[in-house]
Structures are given as structure tokens and as C-alpha cells.
Amino acid sequence: MNRIVLECKHLYKKFNDVGATVDVLKGVNLQIQAGEQVAIVGNSGSGKSTLLHLLGGLDTPTAGEVWVEGREMNKLRPAERGLWRNKNLGFVYQFHHLLPEFTSLENVCIPLLIRGVVPALAHQKAVDILTEIGLGHRLTHKPGEMSGGERQRAAVARALVTEPICVLADEPTGNLDPRTADQVYEKMLELNQTVKTSFVLVTHAMALAKRMDRVLRLVEGVLMEE
């Protein structure tokens, strides 16, 4: 039986909005196995991105638990949580969130350097993955010198370069043309097959969602099989 790499139990999230309480997530349960690819779909504003942030330990739930590789994220001190997140998870945001003062190569190197990888090896790994997704000619370019699609590809490279156990991706191909989106997905699939990286993708692209092992839909704070 496959091991569970990411799990949430009875996850609730509430926000206060102009004096009213909004229940975004209502007792979500989810298990992600090693090497599994899962798509989460739903209407805009349904809480998909909120769920992704909670799964990654970027936000704290109102109630419930999130477990990554056997450790409960909310029981860790902030510094420990950050290191555990870096060790095990990769993130692709809806907007690239690249650091504007650094080149694409430097941006992709950063997670490796935080992990303690020696600079020469970090540099080579970053060069390799950027080249594989078609950015070998943009290594020394800063985000402001790149197109939107190029910036998003660099963000995907940054998430994949550490070969994490699980990648959490929020509309990872939303800003890409179909050909480039396929190129990025093929790189994800390669990692999925070679090192058993799991993927949890929030997407509106049903064509992409249907290529996953499972499709889940978030409806009124409840996660259900599609």
C-alpha cells in the first residue's frame, strides 16, 4: 500500500468579513499518497486556494490538522515549519512570486540553497531544469525582462528543482499557451514517474484535471469526488 505523504483531517477555515463569519472550509478530509496526482476544481471563490495554503502550512486552520510526511504542521514552531516545508513541498502560485531583483537562475537556486545544497550543485540543477522547460536562453534575465509565460515557467522550475515529495500548484499553467502548458505538464509527469513526486493542482482547466489520477470538487466548503 502506498504511503500517505500529505493529509488533512477535519479541516475548517473561517474568515470574518465586515462583522460576518464566512465558513470557507467545512471539515475537509484529504489524503495524498506518494506519486499520486490530484486535481481540485470548483467555482471561483470556493476556497480552493485557501485549501492549498493550509495544506502547505502557509496559513493556519480554524480547526483541524495538516500532516506532511508524518508531522503535524501546526505543532511545529515557525522556523521548523519553514524548514519542513522546504524539505518536502514545492509551490507554484497563481502569480509567479519570483523575486524581482534576482535572475531566473538565482530564483530557482534559492530553494536548493536554503536546503543546504552546495552552490555549484544548486547552480547546475537550476540550469538543467530551466533548460528542460525551455528557459535556457533566459538564465540571466530578471522577471521584469521576461514574458508572463516565461515567469510562470520559471516559477514551476523553482517548485520542481528540489524534487519534493509533493507539489502544491495553484493554476500552474493558467498563464501559458497550450504548447508550453503541455511542456510544463510533461516535466511534472517525468518527476512523478522518476521520483514519485505527488501533485495537488488547483485548476479551472478540465482538460488538465482529467489527466490526473483523481478529480475533487470543492463545493460550499466541502470536498467531494468529481
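The values are calculated or read from the model by the stated rules, or taken from the named source; none is laboratory data. Given the structure is predicted, the values throughout are model-derived calculations rather than measurements. Cβ atoms come from the backbone with ideal geometry, glycine included; neighbour counts cover every protein chain shown.
A few points about this structure:
- The residues of the stretch 206-225 that are in contact with a helix residue (DSSP H, G or I) (Cβ under 8 Å, 6 or more places away or on another chain) and either closer than 21 Å to GLY47 by Cα or free of Cβ contacts under 8 Å to residues at least 12 places away in the same chain (or both), listed by number, are LEU208, VAL215, LEU218, LEU223.
- Only one entry of GLU150, GLU163 meets the criterion of being within 20 Å of ASN192 (Cβ to Cβ) and at pLDDT below 90, and that entry is GLU163.
- Beta carbons closer than 7 Å, at least 6 apart along the sequence or on distinct chains, pair a first residue in the stretch 131-146 that is part of a helix (DSSP H, G or I) with a second that is surrounded by fewer than 17 Cβ atoms within 10 Å (Cβ to Cβ) and not basic (Lys, Arg) for PRO143/PRO100; GLY144/PRO100.
- Residue in the stretch 75-97 that is touching a residue at least 24 places away in the same chain (Cβ under 8 Å), crowded, with 18+ Cβ neighbours inside 10 Å, of a type in the set (A, V, I, L, M) and part of a strand (DSSP E or B) present: yes
- Answer residue from the stretch 187-226, given it is buried (at least 20 other Cβ atoms within 10 Å of the Cβ) and of a type in the set (Gly, Ala, Ser) and is nearest to GLU7 (Cα to Cα) among those: SER198
- Options VAL184, VAL108; residue that is closer than 30 Å to GLY70 by Cα and either surrounded by fewer than 20 Cβ atoms within 10 Å (Cβ to Cβ) or in contact with a Pro (Cβ under 8 Å, 6 or more places away or on another chain) (or both): VAL184
- Residues satisfying the stated conditions in the stretch 111-124, i.e. part of a helix (DSSP H, G or I) and surrounded by fewer than 20 Cβ atoms within 10 Å (Cβ to Cβ): LEU113, ILE114, ARG115, PRO119, ALA120, LEU121, HIS123, GLN124
- Filter result for ARG158 (farther than 23 Å from VAL24 by Cβ, surrounded by 15 or more Cβ atoms within 10 Å (Cβ to Cβ) and out of contact with any strand residue (DSSP E or B) (no Cβ under 6 Å at 6 or more places or on another chain)): yes
- Residue in the stretch 148-157 that is of a type in the set (Lys, Arg) and within 17 Å of the chain's Cα centre (by Cα) present: yes
- Selection status of THR173, touching a residue at least 24 places away in the same chain (Cβ under 8 Å), in a loop (DSSP other than H, G, I, E, B), in contact with a Leu (Cβ under 8 Å, 6 or more places away or on another chain) and over 18 Å from LEU89 (Cβ atoms): yes
- Residue list for the stretch 176-197, filter: out of contact with any Leu (no Cβ under 8 Å at 6 or more places or on another chain) and outside any helix (DSSP H, G or I): LEU176, ASP177, VAL195, LYS196
- Residue-level check: of (1) out of contact with any Gly (no Cβ under 7 Å at 6 or more places or on another chain); (2) buried (at least 16 other Cβ atoms within 10 Å of the Cβ); (3) not polar (S, T, N, Q), TYR12 misses just (1).
- The lone criterion from (1) in contact with a strand residue (DSSP E or B) (Cβ under 7 Å, 6 or more places away or on another chain); (2) within 25 Å of LYS13 (Cβ to Cβ); (3) of a type outside the set (A, V, I, L, M, F, W, C) left unmet by GLU220 is number (1).
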